[in-house]
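Participant: This is the structure I want to talk about, given as structure tokens.
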Amino acid sequence: MTSTLRLRLLGVAFALATASGLGAAPAVAQKQGGALTVGLELDIPGFDPLKVGVYDTAANIAASLLLETLVKLDDNGKPKPSLALSWSSSEDFRTWTFKLRPDVKFHDGTPFNAQAVAWNFARQKDPKNNCRCAFYIANLLSVEPKDDLTVVYTLKDPAVNFPALLTRPDQNSSVHSPTAVQAKGDDYNRNPVGTGPFMLKSWTAGDRMVVERNPNYWDKGKPHLDRVVLRPLPDSQSRFASLKAGETDLVWADEFEADNILRARKDATLQVLSYAGSGAAVNAINTKVPPLDDVRVRRALVMAIDRKKMSQALTSGIARPASNPYGDGSWVKCKDDGALPEDPKKAAELIKEYGKPVSFKMLFTATPRGRANGQVLQEFWKQIGANMEIEQIDQASFPPRAFQRKFDITGWRIVDFPDPDVQMYANFHTGSPVALANYSNPELDKLLERARVTPDEAKRTEDYCAISRIINQEAIWFWTFQNTYYAIAKAKVKGVPKLFGGVIDVSNAWLE
Amino acid sequence: MASFVGRRLLYLLPVLLAVSLLTFLIASLLPGDLAYTILGDQATPEKLAALRAQMGLDLPIWQRYGVWLWDVLHGDLGRSFRTGETVLSAVLDRLPVSIELMILAEVIGLLIGIPLAILCAVKSGSAIDRFLTGLAFGNLSLPSFMMAILLIYLFAVQLNWLPATGWVPFSEDPVGNLRSFVLPALTLAFAEWPALMRILRSDMIATLQEDYIAMAKAKGLRPARILFVHALKPSSLTLVTVTGINIGRLIGGALIVETIFALPGIGRLLVGAIYARDFIILQGVVLFVAAGFVIVNFIVDMLYAVLDPRIRHGRA
């Protein structure tokens with residue numbers, strides 16, 4: 001009886017909804033007002049690209065509130081307009097023209113226009129400024145204003161998916177007010193001025209940053225929240241406790257605090273936001289040093305790894321095994337990525353076949369995580385007769401060691417990015433400073449060159465899968481886990497988009 | 001007395017100089033190259049050389065120390081290359097938080113430690129004495145990060161009485177400010193009181209066997225007066241020393257406690273600077289901490305003189 005009653009009521013409700021036109025409206029009305037407190041892991045170092053060089057996740061998250069980029073990603077990972085309304089490219093994908101949104105102003109009243117975009121670029125590119133950020137725009141030759149609302153990007157190497165590369169709220173793509181940067185000088189770093197939906201209210205270093213609704217925001221009716229508070233909470237246990245105790249509404253999390261994520265999943269007052277991104281935690285093998293110059297040894301090492309067990313040991317099983325550099329979050333889906341089977345028996349045979357003792361060193365970060373990672377791999381490899389020595393070095397020593405190829409095997413990372421080209425080309429094309437495997441293969445080079453100028457996504461996918469097959473079969477790099485990004489929030493927090501690149505963008509969030 | 005203070009102050013100078021030299025050497029000898037850290041992925045050999053020359057990193061270490069010391073003496077501790085903050089403002093912004101934390105921790109430690117020590121000394125050898133000394137020992141072996149998590153779980157998550165993390169400026173909300181310090185200060189105090197209690201207890205037991213105490217008792221003075229006036233003051237010399245030296249331990253504890261409770265103090269600043277290879281901040285913070293430690297111990301030396309006239313008159 002109750003079920004028929006419910007059905008009838010539902011029918012009435014449906015009829016009413018369609019009659020009044022509610023059927024077309026979103027299921028939940030977005031509530032205006034309220035404040036949201038976000039617990040981050042790290043202190044925000046600041047926003048001036050010349051000072052901080054590269055934004056970390058904390059800076060990215062804050063930047064997504066205060067500053068804006070020309071393009072954003074929609075929920076399918078495709079470019080959508082933000083400060084730019086539309087774009088087009090030349091036939092060779094080397095010249096990109098962006099039409100900018102009119103009537104947008106920075107928080108200090110400075111008009112946003114093509115000159116402002118070009119000025120930001122020139123400042124980062126200027127060799128006199130020695131900006132670390134310049135590394136990431138090495139492919140941009142120039143950014144020129146054509147008229148007030150048209151800006152032209154000229155690229156050295158072509159990029160078919162260039163607008164997607166401008167979407168990350170990072171040191172290069174975020175647009176700052178030129179007047180504010182010039183007026184504030186050294187103090188600009190801690191007093192950012194952008195066009196974003198929120199404006200900086202106050203910032204106590206090490207404690208909290210408070211941002212408030214921008215009343216003149218170009219997207220009328222947004223943002224929904226009045227205020228967002230960002231707090232650095234470095235300890236993972238007390239960060240989670242602050243969420244449980246109601247001091248924060250949303251906290252950053254990662255898979256190394258699997259216990260908190262698993263607990264939150266069972267808690268009805270909480271929700272776990274997770275995003276299976278592209279890219280992976282990766283390792284590069286130096287193919288020029290014995291015994292790793294022998295492909296049998298390299299294959300054996302890769303085949304010895306049981307990723308499920310490794311995930312269990314390090315992250316209570318929540319880390320997702322990776323078999324290629326693209327991951328579930330990428331639009332590159334391969335029927336055959338050429339991954340070697342996990343087969344320790346076969347691996348032991350290959351080592352025997354090689355005939356000489358297999359001993360080498362591997363670089364890890366000087367952290368407990370680095371050590372745990374090393375010990376698990378060491379154990380897998382010991383079982384097939386290979387002897388790995390763990391060498392832990394601090395984070396700052398990684399780039400010099402990597403660039404000078406002073407390693408046998410080193411950990412590295414391919415970050416979640418809307419297009420595979422940038423990182424794949426840099427990591428695998430002959431002659432690139434981060435082609436860490438010291439490996440050169442004309443066929444691989446040809447595929448990488450072709451993939452970056454092929455507009456057809458299906459054809460590009462074929463090329464990227466062929467690239468994955470070569471890398472996997474030659475075992476020059478190997479992948480352990482896919483990138484997964486996490487946040488834990490109170491159940492009432494709504495409207496947080498996918499965590500692209502690990503960035504928790506709450507600029508459009510509301511409280512239910 | 002004035003000449004005593006003057007002599008002590010003179011000792012202070014070489015100590016501070018040695019501290020600054022050590023700080024500079026340690027920061028210089030740490031692995032990782034400042035120029036590399038700043039340039040990162042763009043570190044070509046030419047750019048590295050140019051930046052090193054620009055920052056004076058190519059000079060011999062003694063010369064660099066000289067330049068640094070000269071700047072420090074003129075009040076210029078440098079600027080963080082990462083955030084653009086001056087070292088002085090970075091430290092001064094966070095110092096009040098750490099000082100408040102340490103004072104509260106030490107006060108709570110003493111408030112727990114002194115009464116229990118007196119109780120144990122009076123009832124020395126009794127069941128209660130054995131129980132309390134045992135408790136102190138057990139408490140000592142519980143690491144502070146563990147204690148912090150337990151306190152957060154109980155008082156913040158379960159009972160919701162006190163905040164788990166964070167800090168409110170005293171000027172904005174004095175009650176909120178004190179509330180935010182309760183759990184961190186308790187965490188540190190729990191590591192403090194056992195040592196304080198054990199030291200005072202044994203000194204007090206020795207004092208209580210002195211002839212003049214027997215004399216006081218014979219005169220019919222009230223036991224409370226004997227304990228607090230006649231016995232406590234002469235028994236507290238070691239306690240004062242330890243309290244001074246403990247400042248060093250408290251700073252070490254603050255690194256952990258400020259991180260767990262997300263307090264914006266100099267402990268957090270130091271940890272952050274180490275992770276970010278921000279040598280300039282690191283050097284500045286260590287110099288401040290070391291100078292603070294030296295000065296506190298200078299004050300402790302002064303207190304001796306107050307407590308024990310023999311020291312004041314150089315007859316000890």
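Participant: Let's test the formula: R0 of 30 Å, r as the Cβ-Cβ distance of residue A:389 and residue B:58. What FRET efficiency results, to the nearest 0.05? Before the final figure, lay out each step's value.
Facilitator: Values: r = 34 Å, r/R0 = 1.14.
My answer for the efficiency is 0.30.
Participant: Can you compute log10 of I(q)/I(0) for chain B with the Debye formula, treating each Cα as one identical point scatterer, at q = 0.11, 0.13 Å⁻¹?
Facilitator: So the normalised log intensities are -0.86, -1.08.
Participant: Next question, about the same structure. At 0.36 nm per residue, minus the direct Cα-Cα distance, what do residue A:458 and residue A:263 gain on full extension? Give it in nm, one decimal, please.
Facilitator: Working: separation 195, 0.36 × 195 = 70.20 nm, distance 4.05 nm.
Stretched fully, the residue A:458-residue A:263 segment lengthens by 66.1 nm.
Participant: Hey, if you put +1 on the Cβ of every Lys and Arg and -1 on every Asp and Glu Cβ in region A:376-479, which of A:393, A:404, A:435 ends up farthest toward the positive end of that dipole?
Facilitator: Result: A:404.
Participant: For region A:403-479, what are the per-bin percents of Cα-Cα distances with bins 5 Å wide, up to the bin holding the maximum?
Facilitator: Here the calculated profile for region A:403-479 is 3, 15, 27, 27, 18, 8, 2, 1.
Participant: Hey, another quick one. Ranked highest first by the average count of other Cβ atoms within 10 Å around their residues, in what order do A:77-87, B:58-68 fall? All intermediate terms of the calculation are to be shown ahead of the outcome.
Facilitator: Numbers: A:77-87: 17.5, B:58-68: 13.5.
Descending packing order for the listed peptides: A:77-87, B:58-68.
Participant: Which of the three applies to region A:209-337, rounded, prolate or oblate, going by the alpha-carbon gyration tensor with a ≥ b ≥ c and a/c under 1.5 meaning rounded?
Facilitator: On the way: a/c = 2.69, a/b = 1.91, b/c = 1.41.
In terms of gyration-tensor shape, prolate.
Participant: Show me, bin by bin at 10 Å from 0, the whole-percent P(r) of region A:58-195 based on Cα pairs.
Facilitator: Bin by bin from 0 Å, the calculated values are 12, 45, 36, 7, 0.
Participant: Tally the DSSP beta bridges in chain A and give the antiparallel ones as a percent, rounded to 5. Show your work: numbers first, answer last.
Facilitator: Details: 55 of 73 bridges.
Looking only at bridges with both residues in chain A, the antiparallel portion is about 75 percent.
Participant: Does region B:164-316 come out rounded, prolate or oblate by the C-alpha gyration tensor, with a ≥ b ≥ c the root eigenvalues, rounded set by a/c under 1.5 and, if not, prolate when a/b is larger than b/c and oblate if not?
Facilitator: Details: a/c = 3.03, a/b = 1.95, b/c = 1.56.
Prolate, because a/c is 1.5 or more and a/b exceeds b/c.
Participant: Please label the shape of region B:151-191 as rounded, prolate or oblate, based on the square roots a ≥ b ≥ c of the eigenvalues of the alpha-carbon gyration tensor (a/c under 1.5 means rounded; beyond that, a/b larger than b/c means prolate, else oblate). Present the calculation step by step, with values, prior to reporting the outcome.
Facilitator: On the way: a/c = 2.78, a/b = 1.38, b/c = 2.01.
The shape class here is oblate.
Participant: Sort A:441-453, A:492-504, B:221-233 by the packing proxy (mean of other Cβ within 10 Å over each peptide's residues), most packed first.
Facilitator: Numbers: A:441-453: 16.5, A:492-504: 20.5, B:221-233: 14.8.
Ranked from most to least packed, the peptides come out as A:492-504, A:441-453, B:221-233.
Participant: Measuring from label point to label point, each 7 Å out along Cα→Cβ, what is the residue B:3 to residue A:405 span in nm?
Facilitator: Those two pseudo-labels are separated by 7.4 nm.
Participant: Can you give me the relative contact order of region A:97-162 as a percent, contacts being Cα pairs under 8 Å and 6 or more apart?
Facilitator: Values: 81 pairs, mean separation 23.5, N = 66.
Result for region A:97-162 is 36 percent.
Participant: Averaged over peptide B:79-86, how many Cβ atoms belonging to another chain are found within 10 Å of each residue's Cβ?
Facilitator: Details: counts 2, 4, 3, 6, 11, 13, 8, 1.
Averaged over the peptide's residues, the number is 6.
Participant: Let me ask you something else. Which of the lysines could a cross-linker span from residue A:459 if the Cα-Cα distance has to be under 18 Å and same-chain partners fewer than 8 positions apart are dropped?
Facilitator: A:78, A:333, A:335, A:446
Participant: Around residue B:230, what is the net charge, scoring Lys/Arg as +1 and Asp/Glu as -1 over all other residues with Cβ under 12 Å from its Cβ? Numbers along the way, then the final one.
Facilitator: Details: positive: B:217, B:219, B:222, B:225, B:233; negative: B:210, B:211.
Once positives and negatives cancel, what remains is +3.
Participant: Indicate, rounded to the nearest 5 percent, the antiparallel portion of the DSSP beta bridges found entirely in region A:295-409.
Facilitator: Details: 0 of 9 bridges.
Just about 0 percent of them are antiparallel.
Participant: Can you pull the one-decimal nm distance between simple spin-label points at residue A:129 and residue B:103, each 7 Å off the Cα toward Cβ?
Facilitator: Taking the simple label geometry, residue A:129 and residue B:103 are separated by 4.4 nm.
Participant: For helix A:344-354, what angle does its Cα long axis make with the longest principal axis of chain A, in degrees from 0 to 90 and rounded to 10?
Facilitator: For helix A:344-354, the angle is close to 50 degrees.
Participant: Right, here's the next one. Compute the angle between helix B:2-29 and the longest alpha-carbon principal axis of chain B, please, reported from 0 to 90 degrees and rounded to the nearest 10.
Facilitator: 40 degrees
Participant: Roughly how big is region B:154-279's charge dipole about its Cα centre, with Cβ charges of +1 (Lys, Arg) and -1 (Asp, Glu), in debye to the nearest 20? Display every interim value, and only then the final one.
Facilitator: Values: 11 positive and 8 negative charges, 99 e Å.
So the magnitude is around 480 debye.
Participant: Per-residue HN-Hα couplings for region A:85-101, Karplus 6.51 cos²θ - 1.76 cosθ + 1.60 at θ = phi - 60°, whole Hz, x for Gly and Pro?
Facilitator: So the Karplus estimates, Gly and Pro as x, are 8, 7, 8, 8, 10, 6, 5, 8, 6, 9, 10, 10, 10, 10, 8, 8, 5 Hz.
Participant: OK, next. Along its three principal axes, how long is region A:260-326 when you only count alpha carbons? Whole Å, largest extent first please.
Facilitator: 55, 22, 15
Participant: Let me ask something additional. When the convex hull of the C-alpha atoms of chain A is computed, what volume per residue in Å³ does it have?
Facilitator: On the way: hull volume 92.4 nm³, N = 512.
For chain A, the hull spanned by Cα atoms encloses 181 Å³ per residue.
Participant: What number, rounded to the nearest 500 deg cm²/dmol, is the helix-based mean residue ellipticity at 222 nm of chain B, given -39500 (n - 2.57) per DSSP H run of at least four residues and division by all its residues? Before the final figure, lay out each step's value.
Facilitator: Details: 14 runs with 230 residues, N = 316.
Computed ellipticity for chain B at 222 nm equals -24500 deg cm²/dmol.
Participant: How charged is the neighbourhood of residue B:260? Take every other residue with its Cβ under 12 Å from the Cβ of residue B:260, and add Lys/Arg as +1 and Asp/Glu as -1.
Facilitator: Working: positive: A:239, B:268; negative: A:235, B:258.
Spelling it out: positives minus negatives among the neighbours equals 0.
Participant: For n ≥ 4 DSSP H runs only, could you compute -39500 (n - 2.57) per run for chain A, divide by its residues and tell me the 222 nm figure to the nearest 500? The partial results should precede the final answer.
Facilitator: Details: 15 runs with 155 residues, N = 512.
After summing the helix terms and dividing by the residues of chain A, the value is -9000 deg cm²/dmol.
Participant: On to the next question. Would you work out the charge dipole size for chain A about its Cα centre, treating the Cβ of every Lys and Arg as +1 and the Cβ of every Asp and Glu as -1, and quote it to the nearest 20 debye? Can you show the working numbers first?
Facilitator: On the way: 64 positive and 59 negative charges, 161 e Å.
That gives chain A a dipole magnitude of about 780 debye.
Participant: Now for a separate question. Tell me which residues come under 5 Å, amide H to amide H, from residue A:201 once H is placed; ignore anything under 5 positions away on its chain.
Facilitator: Correct list: A:210, A:211, A:212.
Participant: Over the whole of A:48-59, what's the average partner chain Cβ count within 10 Å per residue? Rounded to a whole number, please.
Facilitator: Working: counts 2, 0, 1, 7, 5, 8, 2, 0, 1, 0, 0, 0.
Averaged over the peptide's residues, the number is 2.
Participant: I need the peptides B:172-184, A:113-125 ranked by packing, meaning the mean over residues of other C-beta atoms within 10 angstrom, with the highest value on top.
Facilitator: Numbers: B:172-184: 16.8, A:113-125: 19.2.
Packing order, densest peptide first, comes out as A:113-125, B:172-184.
Participant: Only four residue types carry charge here, +1 at the Cβ of Lys and Arg and -1 at the Cβ of Asp and Glu. Report the dipole size of chain B about the Cα centre in Debye, rounded to the nearest 20. Intermediate results must be reported in sequence, preceding the final value.
Facilitator: Numbers: 24 positive and 21 negative charges, 256 e Å.
Roughly 1220 debye for chain B.
No value in this document is a laboratory result; all are computed from the given coordinates. All values reported here derive from a predicted model rather than from experimental measurement. Glycine also receives a Cβ, built like all others from the backbone with ideal geometry; neighbour counts cover every protein chain displayed.
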